[in-house]
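These notes concern the structure reproduced below.
The values are calculated or read from the model by the stated rules, or taken from the named source; none is laboratory data. The shown structure was predicted, so the numbers you read here are calculated from the model rather than taken from an experiment. Every residue, glycine as well, gets a Cβ built from its backbone with ideal geometry; the counts of neighbours run over all protein chains shown. Side chains included, ligands, DNA and RNA excluded: accessible areas come from the protein's heavy atoms. Shrake-Rupley method; radii C 1.70, N 1.55, O 1.52, S 1.80 Å.
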Amino acid sequence: QLQASGGGLVQAGDSLRLSCAASVRTYNNYVMGWFRQAPGKEREFVATMSRNGGSTDHDDSVKGRFTISRDNAKNTVYLQMNSLKPEDTAVYFCAASRGTWGMRRHGSSYIYWGQGTQVTVSS
């Protein structure tokens, strides 16, 4: 249902843009989010965008460096990542939720998940 792409190996300070194409009906009925999981750590929230794109929420650890966006005409959500740091190294997952905006940071609210794309930032 969700296909993420755009990961890779970069140096600290570089940029990457992740994309996630969704093959779901009524894509604009879904809150779209990005999560990540580093080796040995639990999955964590990164960013999310409301159904119409009018609202966003970014975790403090990425605020000012990462930007989520979506193109409802293309059923695609993006994560622009600038000023990458080694601690950003993780597998990044996109996800789709039909839940309320109040639950946007909770992984349990998301019903569709992409396969993950690896982002590795070297120092």
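General remarks:
- Residues in region 88-123 that are open to solvent by 60 Å² or more (accessible area, probe 1.4 Å), in contact with a strand residue (DSSP E or B) (Cβ under 8 Å, 6 or more places away or on another chain) and in a helix (DSSP H, G or I): 2 in all.
- Only a single item in (1) of a type outside the set (D, E, K, R); (2) over 19 Å from S123 (Cβ atoms); (3) part of a strand (DSSP E or B) is not met by G64, and it is number (3).
- Scanning region 1-58 for residues that are within 14 Å of G107 (Cα to Cα), without any contact (Cβ under 8 Å) to a residue 60 or more places away in the chain and in a loop (DSSP other than H, G, I, E, B) gives a single hit, E42.
- Residue in region 77-85 that is surrounded by fewer than 13 Cβ atoms within 10 Å (Cβ to Cβ) and either over 29 Å from S123 (Cβ atoms) or of a type outside the set (F, W, Y) (or both) present: no
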